[in-house]
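Notes to accompany the following structure.
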There are 2 protein chains.
Amino acid sequence: MLSFSCPIPLNEYPHVSMAHGGGGTLMNALIQKMFVATFEGETLKAMHDGAILPPPNGRLAFSTDSYVVKPLFFPGGDIGSLAVNGTVNDVAMCGARPLYLSVGFILEEGLSMETLWQFVRSMRIAAASAGVEIVTGDTKVVDKGKGDGIYINTAGVGVIERNVQIDPRSCRPGDKVLLSGPIAMHGIAIMSKREGLGFDTEIQSDCAALNGLVDALLESGTMVRVMRDPTRGGVASALNEIASSSRQGIRIDEAAILIPEQVRSACEILGFDPLYVANEGKMLAIVAPDDAPRALEAMRAHPLGRDSAIIGEVVAEHPSTVVMKTRIGGTRVVDMMSGEQLPRIC
Amino acid sequence: MLSFSCPIPLNEYPHVSMAHGGGGTLMNALIQKMFVATFEGETLKAMHDGAILPPPNGRLAFSTDSYVVKPLFFPGGDIGSLAVNGTVNDVAMCGARPLYLSVGFILEEGLSMETLWQFVRSMRIAAASAGVEIVTGDTKVVDKGKGDGIYINTAGVGVIERNVQIDPRSCRPGDKVLLSGPIAMHGIAIMSKREGLGFDTEIQSDCAALNGLVDALLESGTMVRVMRDPTRGGVASALNEIASSSRQGIRIDEAAILIPEQVRSACEILGFDPLYVANEGKMLAIVAPDDAPRALEAMRAHPLGRDSAIIGEVVAEHPSTVVMKTRIGGTRVVDMMSGEQLPRIC
């Protein structure tokens, strides 16, 4: 049962102090009352140095991300939900069912305990919604000024139960490129908040766990070559990575890529190309040509894939390069982004 | 083949910049040339969103720690070797053979590239020495002033191949408490460096991977109830956690606990009780009474357990409490440490 009020007495401990990371009674109370009680799992309660888990029935997928997003709260999520969904998605993109998460908190001395509690609640809700268990964790506190409120690392373990071979090197000319919906929402939600841009309607991050959508796609029996969630660097960077690993060309069609009108306007104001802007709830999938229709049908039947579309294909020409057919009928190379576009977006 | 010079051109990129975490070409070059080339594994080279790993033959152990140690270099190690050994040890304490590590870097803008390279090299050497593979990772860069050079998170996955049941709740009165060697070396090495204390001989951290020692102990056929590496909070906190989980009492004998003379002097100067000072290469094991002699023999036969000793036993009296027989013949309760003693020790 998820408590709605902070389980640490705020009148006594309104802020995180160095002692909350010191290995003594205060740290113990924080871990037991806030983390273990909220994340609930039996494995976590055992409080070993690590989690002991049953033998998985298949290959493993293992991934990690640290989250340093700024601001910590944004329309559509916060660093807590992002830290769960982001790692769930990385594990799911391996063709795995995400099972377990670890959580490493790096807290800045002086962080409001109430704020920490909101992130912990968000993580619990996101984990329950994605069907993963938080099984082990760690808490560190760094001196005031040596952090930025909170950084969260999560690592995820999943099991690959199906006989899938997710590998960009298996891409062949003719394969279709599918995208699960409109792009650039997460990055623009963050940047609008950070820059204090006032739009008529708030742009929401698409932050969501994609394991259900992945499951729907794999369940359809589609031959999936590779899946990727286009986060930092956006759709352009993800496709460039795939083109580079597979040594194939990729051709995409600008007209097939959905960009919400508000996102497009914000990109123009901020000077961003939406192809390079981060997503946190979208998936790219490259599938065998004959399977594209059923892949599309399976993805569209899932709430997070309603707006899925075939946006391009793998081609033998221009190996390792992504080329886009523009709306006005020309073509242009979509490069790997150089340098930074949106720092601290996740 | 481990390169000895930094694989990123230092004249071009003497420092980490925000763009090294931005998802574009600079980040890609850092990941490929420094991390993937140094950590070497085939799994890492595949550059999926996560690592795809063969089905493990047994239960899993899964653990994580973030490392925020200050200073980043200390006698006997650095944040890189600590980040590998610390998580290897947490996995090993579950009775598992550590197999895979994930690495999450949080780099502060302006960190010297040469310094980063030293940590990456340290990690590679420590991983090879412990026999674990770094299979997946993540890199974030935070603004200057919003970090402290570098924070590293590692998560570890291991397999429990033996039919061991490591669980503090299995402790029974009469069980023996073994300790693998002299204590408080890591904490004092850090504090001496931080406080600029000049001792005649430098105190070295005991930072080391304990999986070999654990393997030697389990291989002896000893019935092991629980193992723990007494890091933050030291031997006193680790034993208190075990006493609390098992609801048994623990009695230890001060005379049996080795404290190097220099460490003892430093503790006196700094006002620390060595029982609460962190170790990074020591192990506590609680074993069935009849197995204690062979456990001791197995541990002493290993280079990291040469000075192993039986330091106490589990008792029915004073449940959940640790009591120490002092050198002068009295007894005192060894409490859970309250508050902080040594912040940012690991």
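The values are calculated or read from the model by the stated rules, or taken from the named source; none is laboratory data. This one's a predicted model, so the numbers in the text were calculated from it and none came from an experiment. Cβ sites come from the backbone with ideal geometry, for glycine too, and all protein chains shown count toward neighbours. All accessible areas refer to the heavy atoms of the entire protein, side chains included, with ligands and DNA or RNA removed. Shrake-Rupley method; radii C 1.70, N 1.55, O 1.52, S 1.80 Å.
Listing for the model above:
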item: Top-ranked residue of the range A:61-73 - restricted to ones that are open to solvent by 10 Å² or more (accessible area, probe 1.4 Å) and more than 7 Å from chain B (Cβ to nearest Cβ), ranked as nearest to residue B:22 (Cα to Cα); result: A:70
item: Lone unmet requirement of (1) over 16 Å from residue A:76 (Cα atoms); (2) within 15 Å of the chain's Cα centre (by Cα); (3) not assigned by TED's automatic domain parsing to the domain that holds residue A:36 for residue A:177; result: (2)
item: Test: residue in the range B:256-275 that is among the aromatic types (Phe, Trp, Tyr) and touching a helix residue (DSSP H, G or I) at 6+ places or on another chain (Cβ under 7 Å); result: no
item: Residue in the range B:74-94 that is at the interface with chain A (Cβ under 7 Å from one of its Cβ atoms), of a type in the set (S, T, N, Q) and buried (at least 20 other Cβ atoms within 10 Å of the Cβ) present; result: no
item: The range A:323-346, residues that are in the same structural domain as residue A:193 (by TED's automatic domain parsing), among the charged types (D, E, K, R) and crowded, with 16+ Cβ neighbours inside 10 Å; result: A:325
item: Selection status of residue A:312, in contact with a Ser or Thr (Cβ under 9 Å, 6 or more places away or on another chain), assigned by TED's automatic domain parsing to the domain that holds residue A:181 and within 20 Å of residue A:227 (Cβ to Cβ); result: no
item: Boolean, residue A:155 is of a type outside the set (Phe, Trp, Tyr), within 28 Å of residue A:74 (Cα to Cα) and in contact with a Pro (Cβ under 8 Å, 6 or more places away or on another chain); result: no
item: Residue match in the range A:272-280 (condition: among the small types (Gly, Ala, Ser) and assigned to a helix (DSSP H, G or I)); result: no
item: Helices (runs of 4 or more DSSP H) lying entirely in the range A:1-101 (those with 2 or more residues that are at pLDDT 95 or above and of a type in the set (A, V, I, L, M, F, W, C)); result: A:79-92
item: Search result, residues across the range A:177-202 that are open to solvent by 10 Å² or more (accessible area, probe 1.4 Å), in contact with a Leu (Cβ under 7 Å, 6 or more places away or on another chain) and under 11 Å from residue A:267 (Cα atoms); result: A:191
item: Some residue of the range B:214-224 being surrounded by 16 or more Cβ atoms within 10 Å (Cβ to Cβ), within 14 Å of chain A (Cβ to nearest Cβ) and polar (S, T, N, Q); result: no
item: All strands (runs of 3 or more DSSP E) inside the range B:289-336 with 3 or more residues being touching a residue at least 24 places away in the same chain (Cβ under 8 Å), more than 23 Å from residue B:170 (Cα to Cα) and within 23 Å of the chain's Cα centre (by Cα); result: none
item: Among the residues listed as A:21, A:58, A:50, A:41, the single one being more than 30 Å from residue A:166 (Cα to Cα), in contact (Cβ under 8 Å) with a residue 40 or more places away in the chain and within 11 Å of another protein chain (Cβ to nearest Cβ); result: A:21
item: Any chance residue B:162 is surrounded by fewer than 23 Cβ atoms within 10 Å (Cβ to Cβ) and within 23 Å of residue B:89 (Cα to Cα); result: yes
item: Tally of residues being more than 16 Å from residue B:304 (Cα to Cα) and either hydrophobic (A, V, I, L, M, F, W, C) or in contact with a Cys (Cβ under 7 Å, 6 or more places away or on another chain) (or both) across the range B:83-92; result: 3
item: Residues within the range B:180-192 that are closer than 11 Å to residue B:76 by Cα and in contact with a strand residue (DSSP E or B) (Cβ under 9 Å, 6 or more places away or on another chain), tallied; result: 3
item: Subset of the range B:13-70 [hydroxyl-bearing (Ser, Thr, Tyr) and more than 28 Å from the chain's Cα centre (by Cα)]; result: B:13, B:17, B:25
item: Selected residue (only one of B:244, B:320, B:237 is open to solvent by 40 Å² or more (accessible area, probe 1.4 Å) and out of contact with any strand residue (DSSP E or B) (no Cβ under 9 Å at 6 or more places or on another chain)); result: B:244
item: Scope the range A:106-116; condition surrounded by 20 or more Cβ atoms within 10 Å (Cβ to Cβ) and in contact (Cβ under 8 Å) with a residue 60 or more places away in the chain; matching residues; result: A:107, A:111, A:113, A:116
item: Residue that is farthest from the other protein chains (Cβ to nearest Cβ), among those in the range A:247-265 that are farther than 16 Å from residue A:334 by Cβ and open to solvent by 20 Å² or more (accessible area, probe 1.4 Å); result: A:261
item: Matching entry among B:231, B:201 (being under 21 Å from residue B:306 (Cβ atoms) and either at pLDDT below 95 or outside the structural domain of residue B:313 (by TED's automatic domain parsing) (or both)); result: B:201
